[in-house]
Amino acid sequence: MAEPTLRHVEKDVLIPKLMREKARQRCSEKVRDFTHCCQESGFLMVLKCREENAALKECLTSHYKDPHFFEECKQEYLQEREEYRKTGIPAKNRREKIGTSM
């Protein structure tokens, strides 16, 4: 089967958005540490949270630059797109309907 073609907006906007969401989940410990530091530091967070910010940025960047991670997110996006084309129901609404019907 031929590789499905992606529109510019899918390749450059929608898939990277999915990557950011998944990367934040995978780096949740570093996100939590940075958030906690910022909440405790107030206005001085720029100075006090450099270490946590660097760790978070490194974690997220490693995911963004990983071609396997991009491919994983691309396949997930293509599955959601295919399901939408079959049903006409966006993934968000599909999850909500499944959750309330049980």
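Only residues in region 13-31 that are closer than 15 Å to Glu71 by Cα count as the first member; pair them with residues that are in a helix (DSSP H, G or I), Cβ under 6 angstrom, at least 6 apart or cross-chain, and list the lot.
Every condition considered, the pairs that remain are Ile15/Cys73; Ile15/Lys74; Ile15/Tyr77; Leu18/Cys73; Leu18/Tyr77; Met19/Cys73; Ala23/Leu60; Ala23/His63.
Could you please let me know if Cys27 is in contact with a Leu (Cβ under 8 Å, 6 or more places away or on another chain), at pLDDT 95 or above, surrounded by 11 or more Cβ atoms within 10 Å (Cβ to Cβ) and not acidic (Asp, Glu)?
Yes, satisfied.
Any chance region 56-73 includes a residue that's within 24 Å of Val31 (Cβ to Cβ), of a type in the set (Lys, Arg) and modelled with pLDDT of 95 or more?
Yes, region 56-73 contains at least one residue that is within 24 Å of Val31 (Cβ to Cβ), of a type in the set (Lys, Arg) and modelled with pLDDT of 95 or more.
Give the residue, chosen from Met45, Met19, that is surrounded by 15 or more Cβ atoms within 10 Å (Cβ to Cβ) and closer than 28 Å to Arg85 by Cβ.
On the way: Met45 fails: closer than 28 Å to Arg85 by Cβ.
Sole residue among the options that is surrounded by 15 or more Cβ atoms within 10 Å (Cβ to Cβ) and closer than 28 Å to Arg85 by Cβ: Met19.
Go through Glu58, Glu76, Glu83, Glu40 for me and flag whichever is within 13 Å of the chain's Cα centre (by Cα), assigned to a helix (DSSP H, G or I) and of a type in the set (Asp, Glu).
After applying the criteria, what remains is Glu76.
Go through (1) loosely packed, with under 14 Cβ neighbours inside 10 Å; (2) free of Cβ contacts under 8 Å to residues at least 24 places away in the same chain for Tyr64 and report which single condition fails.
(2)
The values are calculated or read from the model by the stated rules, or taken from the named source; none is laboratory data. The shown structure was predicted, so the numbers you read here are calculated from the model rather than taken from an experiment. Note that each Cβ is placed from the backbone with ideal geometry, even for glycine, and that neighbours are counted across all protein chains shown.
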